[in-house]
1. Under a 1.4 Å probe, what is the accessible area of the chain per residue, stated in Å²?
2. Share of the chain's accessible area from carbon and sulfur, percent, 1.4 Å?
3. Ignoring solvent entirely, what values of log10 I(q)/I(0) come out of the Debye formula for the chain at 0.07 Å⁻¹ when each Cα is a single scatterer?
4. Under the 0.36 nm per residue contour assumption, what length would be gained going from the current alpha-carbon distance of L236 and D219 to full extension?
5. Cα axis of helix 244-255 to longest principal axis of the chain: angle in degrees, 0 to 90, nearest 10?
6. Could you work out the relative contact order of segment 151-195, using alpha carbon pairs under 8 angstrom and six or more residues apart, expressed as a whole percent?
7. Have a look at segment 175-264 and give its Rg and Dmax from the Cα atoms, expressed in angstrom.
8. Given segment 1-79, report the % of alpha carbon pairs whose separation exceeds 14 Å.
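The values are calculated or read from the model by the stated rules, or taken from the named source; none is laboratory data. Predicted model only: the values in this text are computed from it and were never measured. Cβ atoms come from the backbone with ideal geometry, glycine included; neighbour counts cover every protein chain shown. For the accessible areas, the whole protein counts, side chains as well, though only heavy atoms, and no ligand, DNA or RNA atoms are used. Shrake-Rupley method; radii C 1.70, N 1.55, O 1.52, S 1.80 Å.
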Amino acid sequence: MSEATVLIEQTGTVRILRLNRPAALNALTTAMHGELMAALNDAADDPHTRCLLLTGNGRGFCAGQDLADPAMTATDGQAADVGAVVLRFYKPLVQRLRSLPVPVVCAVNGVAAGAGANIALHCDIVLAARSASFIQAFAKIGLVPDAGGTWLLPRLVGRAQAIGLAMLGDKLPGADAERLGLIWRCVDDAALADEALAVAQRLADLPTRALVETRLAIDASQQLSMDDALSEEARLQGQLGRSHDFREGVAAFSAKRKPVFKDR
Ligand code: T3D
């Protein structure tokens, strides 16, 4: 039997997904797309999981689409249908990641290239090892940034940096990614696993619904006027204010004790 391309671990209420094709820097094959989507759906459906941590096995995080995968290979003199690959795999993958009912931490342990970079950048909190790097590798093979890169990059770093990163495709070290505001933190290689797990555990102990609504509201705000964003915040507070976790948070504050959140 072939080895799993996504390793799944559970540490308390944190679900860890580890991309596992280290010899190819965890480049995504058709089989791996299937396993990753199944693992994300399973984490979403598991009521015990309160945070997802995504990382890679070996010296890479993910080198994007596996360029040797049959889905990418031209047949009978016909060009491969790259658009179909994007629609079949990357669009649903990014939609699934951004709609997960739990917060998502990414620990970028090595190079993140092409779609691998953008998958990492869609996560809620991204930590990178100092030796890790981000490469918008698309232009080098005659493509535009996909996996949401054209949408995500200007929102994270502004148009000037987005275009520079996408057109030149330079290797951006983890520390520069933090400086540009592309990611949350760059940490020493030896500290990455522990720091990412600590962040994931903190998030897992917080009110999950409030965190997920925060992600969705911040994303949606980019299409809203300030008036509409203020109204949307009122609507969300109306909902969350009726939750167990709100009552628990206030009660714990008053009693000077640690809250125990349980909504999902
Ligand atoms: O259908 C579609 O394409 C649509 C979707 C597109 C999304 C995309 O992600 S497009 C972009 C695809 N990714 C790339 O273009 C990146 C290609 N890889 C690289 O440029 C380099 O490997 C890296 C800069 C990421 C790392 O360089 P380096 O020198 O550290 O490692 P390496 O020696 O190049 O790679 C190590 C092994 O991984 C090597 O295999 P080998 O020779 O030891 O047997 C290499 O072939 C393999 N590998 C790396 N990236 C890929 C890959 N194999 C298949 N696909 C890859 N993307």
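1. On the way: 13280 Å² over 264 residues.
On a per-residue basis, the chain sits at 50 Å².
2. On the chain, the fraction of accessible area on carbon and sulfur atoms equals 58 percent.
3. -0.26
4. 4.7 nm
5. Roughly 50 degrees, rounded to the nearest 10.
6. 30 percent.
7. Looking at segment 175-264, its Cα Rg and Dmax stand at 16.7, 46 Å.
8. For segment 1-79, the fraction of Cα-Cα distances above 14 Å is 64 percent.
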